[in-house]
Amino acid sequence: MRKILVAGNWKMHGSKAMVDALTRGVLEGVESTPAVDLAVFPPNLFLGQVQALAEGTRLNWGAQTLNPHAEGAFTGEVSAAMLRDFGCRYVLVGHSERRSLFGESDADVAARFEAAVAAGLEPVLCLGETLEEREAGATEAVVARQLDAVIERVGAAGFAQATLAYEPVWAIGTGLTASPEQAQAVHAFLRNKLVALDGTIGGQTRILYGGSVKPANAADLFAQEDIDGALVGGASLTAEDFVGICRGAS
Ligand code: PEP
């Protein structure tokens, strides 16, 4: 039985005051939600602050990306070991904004995934097609290519402590959400690929949906067989909405 994971990607939003209020609001609000697993992904500067507030609670935290090198002359970058030092459990890899705005290729994403696993972080691998790719009937080919690049690098064993997040690019930050059926179809496709690789790992790996998830649509998404939670952008910036999405798991 896979437990629902609700994860908030705060992207490049926040201030010390906002992080304090949001983290406290989430911690308070989730006391009355079902026992979902929880994670937030603040900007790196605020990881220590979230750690101080959330250590010893149900709330986990992680970073939005990492550099695959262990250390060295990589100005501005942050390594997996540094994230571990700040208590991170998770790290996002391959978010569509990293792929499209910062030029991360499938190979770059695979290297980051491998570095995360090697350091004991749990990578959340983001996959998804653009609107043009969906309209061209290429959704499965695109997510298969993105997943295969990582499989080739780490094999089935690399997914033992990993999560997938199917995030159709056309649904991120647009207010458009994939219907539960559309999302389920891609989730089932991804799960079948993992199951073909390793039945146990394929059966236990959580596959989150991301793309304009809100309190109003969370329950219908979570009711799908292969949707095991949500990666939430905009709606994770208010405690009320984030907690409302957690309630969708009941
Ligand atoms: C995201 O960026 O991962 C995301 C899903 O954003 P939003 O919920 O705002 O669409």
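To keep it simple, each residue is scored yes or no on (1) touching a Phe, Trp or Tyr at 6+ places or on another chain (Cβ under 7 Å); (2) crowded, with 17+ Cβ neighbours inside 10 Å.
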site	(1), (2)
Gly8	yes, yes
Thr57	no, no
Gln64	yes, yes
Ser79	no, yes
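Within segment 143-152, not a single residue is more than 22 Å from Asp198 (Cβ to Cβ) and out of contact with any Leu (no Cβ under 7 Å at 6 or more places or on another chain). Being in contact with a Cys (Cβ under 9 Å, 6 or more places away or on another chain) and of a type in the set (Gly, Ala, Ser) holds for only one residue in Gly48, Gly14, Gly62, Gly76, and it is Gly62.
Residues that are in a helix (DSSP H, G or I) and without any contact (Cβ under 8 Å) to a residue 40 or more places away in the chain within segment 126-144 comprise Leu131, Glu132, Glu133, Arg134, Glu135, Ala141, Val142, listed in sequence order. Scanning segment 171-180 for residues that are touching a residue at least 40 places away in the same chain (Cβ under 8 Å) and more than 10 Å from the ligand (Cβ to nearest atom) yields one hit, Pro180.
Considering only residues in segment 195-250 that are of a type in the set (Ser, Thr, Tyr) and within 13 Å of the ligand (Cβ to nearest atom), the one that is nearest to Glu167 (Cα to Cα) turns out to be Tyr209. In segment 134-153, of all residues being among the charged types (D, E, K, R) and within 16 Å of Ser105 (Cβ to Cβ), the one that is surrounded by the most Cβ atoms within 10 Å (Cβ to Cβ) corresponds to Arg153.
Residue-wise test of (1) at pLDDT 95 or above; (2) touching a Cys at 6+ places or on another chain (Cβ under 7 Å); (3) more than 16 Å from the ligand (Cβ to nearest atom).
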{"position": "Glu97", "(1), (2), (3)": "yes, no, no"}
{"position": "Leu101", "(1), (2), (3)": "yes, no, no"}
{"position": "Ala111", "(1), (2), (3)": "yes, no, yes"}
{"position": "Pro123", "(1), (2), (3)": "yes, no, no"}
{"position": "Glu167", "(1), (2), (3)": "yes, yes, no"}
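The values are calculated or read from the model by the stated rules, or taken from the named source; none is laboratory data. In this text the structure is predicted, and so the values were computed from the model without any measurement. Cβ atoms come from the backbone with ideal geometry, glycine included; neighbour counts cover every protein chain shown.
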